[in-house]
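The values are calculated or read from the model by the stated rules, or taken from the named source; none is laboratory data. Note that the coordinates shown come from a computational prediction; the quantities given were computed from them, not determined experimentally. Cβ: placed from backbone, ideal geometry, glycine included. Neighbour counts: every protein chain shown.
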Amino acid sequence: MLLGDDQAVTLSGPGLPGFGIGREQQVLQRMALSQMYVSDGADDWLGRRVTSALDAADRFDATVDKDASPLKGDYAGEFGNHAKAFAQLLRSPLPLAAAAIDFGGWDTHGNQGDNGKGRIADLFGQLNKGINGLLLDSPRPLRIVVMSEFGRRLRENANHGTDHGHGGVMFVVGHGVHGGRVYGPWPGLATDQLYERADLAVATDFRQVLWEATQGLAPKMAPATIFPGFHPGKELRIFA
């Protein structure tokens, strides 16, 4: 919760930091932390961060209606738990501009699966249900971008999995998306079209997609405000 600037809050799980204790004890714990880390000046980085984090947690707790009508989505697994918490945030009056969910487990060096079964199918199943749930339960326009921090090798290894690769794919769904198509140049899968004759080549800067996704949902921001040093290329025109 202490990462980032004062306008961003990081949570390691789908709920508030409850310290594994009851509600009454949690209030006392919060009070103790507030007193321990009272900011005593402009240079008190830790004090400011702790105060900001606790204030954000209090606002979250006060505005998220846990007795609201049930969510419609079928949320499953690790990703489903986080997506469900995000859906609750979306239904609150909190001024939420953007959120990111980390979803691990894709390092499939072995036994990746086949014929619609196995690890990859399970992971995509969680992803599919979670995204569908968010679209069902969000009371506001929502754009979802799915991306990986690295790609996988094109060809299967001897352990029926795939090793670390180069290029990958991004999925975009939601408000104003011109769907049902592939955007950006297609490098091709022939051996002489692959990066180092092994991986799908990178053809699009991921920042281009994320920058375009921010436009239209809020006052337009310059690319350098979101990604310092980034200069957009030719627009992909994914969004209306």
Looking only at segment 203-240, which residues are of a type in the set (Val, Ile, Thr) and either modelled with pLDDT under 85 or closer than 15 Å to Ile144 by Cα (or both)? Val209, Thr214, Thr225, Ile226, Ile238
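Touching a helix residue (DSSP H, G or I) at 6+ places or on another chain (Cβ under 8 Å), outside the structural domain of Asp102 (by TED's automatic domain parsing) and of a type in the set (S, T, N, Q): which single residue out of Thr162, Thr214 fits that description?
Going through Thr162, Thr214 in turn, the sole match is Thr214.
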Suppose we filter Ala62, Ala53, Ala57, Ala8 for residues that are part of a loop (DSSP other than H, G, I, E, B), among the hydrophobic types (A, V, I, L, M, F, W, C) and at pLDDT below 85; which single one remains? Ala8
Among the numbered conditions (1) in contact with an Asp or Glu (Cβ under 9 Å, 6 or more places away or on another chain); (2) assigned by TED's automatic domain parsing to the domain that holds Leu89, tell me where Gly110 comes up short. (1)
Of all residues making up segment 122-170, the number that are basic (Lys, Arg), closer than 15 Å to Gly77 by Cα and either in contact (Cβ under 8 Å) with a residue 60 or more places away in the chain or assigned to a loop (DSSP other than H, G, I, E, B) (or both): 0
Look at Gly176 and say whether it is over 23 Å from Ile120 (Cβ atoms) and modelled with pLDDT of 90 or more. yes
Whether any residue in segment 81-94 is part of a loop (DSSP other than H, G, I, E, B), small (Gly, Ala, Ser), under 30 Å from Phe124 (Cβ atoms) and modelled with pLDDT of 80 or more is what I want to check. yes
I'm told Val173 meets every condition in (1) without any contact (Cβ under 8 Å) to a residue 40 or more places away in the chain; (2) surrounded by fewer than 16 Cβ atoms within 10 Å (Cβ to Cβ); (3) among the β-branched types (Val, Ile, Thr) except one. Can you identify the failing condition by its number? (1)
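Considering Thr214, Thr225, Thr162, which residue is buried (at least 16 other Cβ atoms within 10 Å of the Cβ), hydroxyl-bearing (Ser, Thr, Tyr) and more than 18 Å from Thr108 (Cβ to Cβ)?
Thr214 is the lone residue from the list that is buried (at least 16 other Cβ atoms within 10 Å of the Cβ), hydroxyl-bearing (Ser, Thr, Tyr) and more than 18 Å from Thr108 (Cβ to Cβ).
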The listed residue being under 17 Å from the mean Cα position of the chain (by Cα), acidic (Asp, Glu) and at negative phi, out of Asp102, Asp107: Asp102
